[in-house]
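Note sheet for the following structure.
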Amino acid sequence: MKALILEKAGLPDTLKISEQPLPVAAPHEVRVRVMAIGLNPVDYKLAEGGFPSWKWPHILGLDVAGTIDTVGSDITAWKPGDRVFYHGDLSRPGGYADFAVAPAHILAEIPKDITFENAAAIPCAGFTAWQILSRKIPVKKKQSVLIHGGAGGVGGFAVQLGRHLDLIVITTCSSANFSAVKNLGADHALDYRSEDVTARVNEITDGRGVDIAINTIDSDSATEDLKRLAFGGHLACVADLPDFSQIEPFAKAPSVHEIALGGAHLSGDRPSQLDLAEMGKELIALVADQKLSSMVTSIISLEEIPQALMRLRNRHVKGKIVARLN
């Protein structure tokens, strides 16, 4: 099969096309003919750092959509030809290839009226946002939520899901993206480059602070978000954790949530893996009902993935990039 391989840890522009052996599905797995693959920041981060269990060359790509080619001997719930998508295990070979294998219990079905490209755009970013707002945090209508990077993947899904849950959505982005994030459902857009985000949050919330903050940036920013929370508020950290020494103990009583979507695979926790499939079912249903956009802004080829990952790395991307393979 044709695959995009990484021969050793390095920048994503070192990926190259190669012929590789077909993967074989174990009894509990399926083999999927990859029709589309979503690109995510985790891909270039993994390319640069590698992973201890990898065998070289390695195939990246976590967000797979395609048709089942073969099923393992233990599988009865799926059959060849079924249209599926999933969030893969970063410790194993991924979907930047004609075929990929995955455990059957993490799959979600793609409705017939949804394209492979739209399905492939959902898992990593969409599941992360949905896990925060439907699993981690006890969300209530009209609560305020601060979402960083509303024009990006996780941020864009979080903005839409915040609107869906009837939250007051505040998001940061560049002023050039104000219209885009408001179309997604943001009530307030803040230019992080020219505005004092803390002052604006206090203005919007009448000095109370936000009920929820979703941080996709770094520890320093997460620390600032701790200070922006209302008493008893929730901080979800997609990147790094905050410096707790910067707030007075018991003064805000915050709840801090570490978001590690891939940990469902790495921990071996089957209920968490099953919930990946469940989140897939829930989100694809929202897409089918036109209550959620997959935000696909660019469809590329397998050969174009390395340079697209470099654009992601340099933060020059709005929405989601998806590669069409077959």
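Worth a mention:
- Mean sequence separation of contacting Cα pairs (under 8 Å, at least six apart), scaled by the length of the stretch 1-112, corresponds to a relative contact order of 33 percent.
- Spacing of the two label points (7 Å from each Cα toward its C-beta) at SER245 and ALA199, in nm: 2.9 nm
- Fraction of antiparallel bridges per DSSP, the chain only, in percent to nearest 5: 55 percent
- Rolling a 1.4 angstrom probe over the protein heavy atoms with all chains in place gives the stretch 45-195 an accessible area of 38 Å² per residue.
- Pairwise label distance in nanometres, LYS8 with LYS79, each label 7 Å out on the Cα-Cβ vector: 4.9 nm
- Scanning the chain for trypsin sites (Lys or Arg not before Pro) in DSSP loops with at most 13 neighbouring Cβ atoms within 10 Å leaves 194-290 as the longest stretch between them.
- Inter-probe distance in nm under a simple model that places probes 7 Å from Cα toward Cβ, at ALA253 and GLU109: 4.5 nm
- Gaussian network model of the chain, springs between alpha carbon atoms under 10 Å - residue of LEU309, LEU229, LEU22 with greatest fluctuation: LEU22
- Between the residues SER219, PHE231, ALA189, the greatest Cα displacement towards the positive end of the dipole of the stretch 148-245, with unit charges on the Cβ of Lys, Arg, Asp and Glu, is found for ALA189.
- On the stretch 1-140, 55 percent of the accessible area sits on carbon and sulfur atoms, based on a 1.4 Å probe.
- Length released on extending from LYS140 to ALA260, taking residue separation times 0.36 nm less the Cα-Cα span: 40.9 nm
- In this calculation the C-beta distance from HIS316 to ASP289 is compared with R0 = 25 Å, giving a FRET efficiency of 0.20.
- Contour excess over end-to-end distance, with Cα ends at ALA26 and ASP269 and 0.36 nm allotted per residue: 85.6 nm
- Solution diffusion estimate, µm²/s, Stokes-Einstein, the stretch 11-112, Kirkwood Rh from C-alpha pairs, 37 °C, viscosity 0.692 mPa s: 235 µm²/s
- Computed with a 1.4 Å probe over protein heavy atoms only, the accessible surface of the stretch 196-299 comes to 49 Å² per residue.
- Lysine pair count for the stretch 1-142 (Cα-Cα distance under 26 Å; residues 8 or more apart in sequence or on different chains): 12.
- Cα-centred dipole magnitude for the chain, charges only on beta-carbon of K, R (+1) and D, E (-1), debye, nearest 20: 400 debye
- The chain: most fluctuating residue of THR297, THR223, THR67 per GNM, C-alpha cutoff 10 Å: THR297
The values are calculated or read from the model by the stated rules, or taken from the named source; none is laboratory data. In this text, all values refer to a predicted model and were calculated from it rather than measured experimentally. Heads up, the Cβs are rebuilt from the backbone with ideal geometry, glycines too, and the neighbour counts pull from every protein chain shown. SASA here: full protein model, heavy atoms, side chains in, ligands and nucleic acids out. Shrake-Rupley method; radii C 1.70, N 1.55, O 1.52, S 1.80 Å.
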